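Let me begin by presenting the structure, written as structure tokens, before commenting on it.
The values are calculated or read from the model by the stated rules, or taken from the named source; none is laboratory data. It should be emphasised that the depicted structure is a prediction, and the values quoted were computed from it without experimental measurement. Using ideal geometry, Cβ is built from the backbone for each residue, glycine included, and neighbour counts are taken over all protein chains shown. Protein only, heavy atoms only, side chains kept; ligands, DNA and RNA dropped before computing areas. Shrake-Rupley method; radii C 1.70, N 1.55, O 1.52, S 1.80 Å.
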Amino acid sequence: QVQLVESGGGLVQAGGSLRLSCAASTRLFSIVSMGWYRQVPGKQRELVASITSGGSPNYSDSVKGRFTISRDNAENTVYLQMNSLKPEDTAAYYCNANIGIINYWGQGTQVTVSS
């Protein structure tokens, strides 16, 4: 069983920045692909960014150039640095760990961007 604990969400004005963190309780962290997803009520959860075990990032078009995903394998933590935030970035953000065919999810952290 893998536990993921997110932190760092909150309320910020448009144009501001937030940094999300996700701590993972697995000794397999260094070989696990990690990702950040977000969801607004009534819509499907969507991929924001992902990072392979080797550190290669992937971003959705909506956040490319504004968000940066990174990982610290020594700390079993993945980060999402969010800059130039927009009101449309408002959502619950979820950390994801993909191990084989199993996906693990954190409890989510709310990000609210005011205009």
The answer for the longest stretch of the chain without any exposed trypsin sites (Lys or Arg not before Pro) (DSSP loop, at most 13 further Cβ atoms within 10 Å) is 65-115
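Per residue, how much accessible area does the chain have with a 1.4 Å probe, in Å²?
Accessible area per residue, the chain: 53 Å².
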Expected field for residue 115, accessible surface area in Å² at 1.4 Å probe radius, rounded to 10, holds 140
Among chymotrypsin sites (Phe, Trp or Tyr not before Pro) in the stretch 37-115, those in a DSSP loop whose Cβ has at most 10 other Cβ atoms within 10 Å are none
Whole-percent carbon and sulfur contribution to the accessible surface of the chain (1.4 Å, no ligands, DNA or RNA) stands at 48
Cα-based Rg then Dmax for the chain, in Å, read 13.3, 41
Among beta bridges assigned by DSSP with both residues in the chain, the antiparallel ones amount in percent, to the nearest 5, to 90
To the nearest 20 debye, the stretch 1-71 has a Cα-centred charge dipole, built from +1 on Lys and Arg Cβ and -1 on Asp and Glu Cβ, of 20
In whole percents, the bins of 10 Å from zero upward hold the Cα-Cα pairs of the stretch 52-109 as 17, 52, 29, 2
Computed for the stretch 45-115: size of charge dipole around the Cα centre, +1 on C-beta of each Lys and Arg, -1 on C-beta of each Asp and Glu, debye to nearest 20, value 60
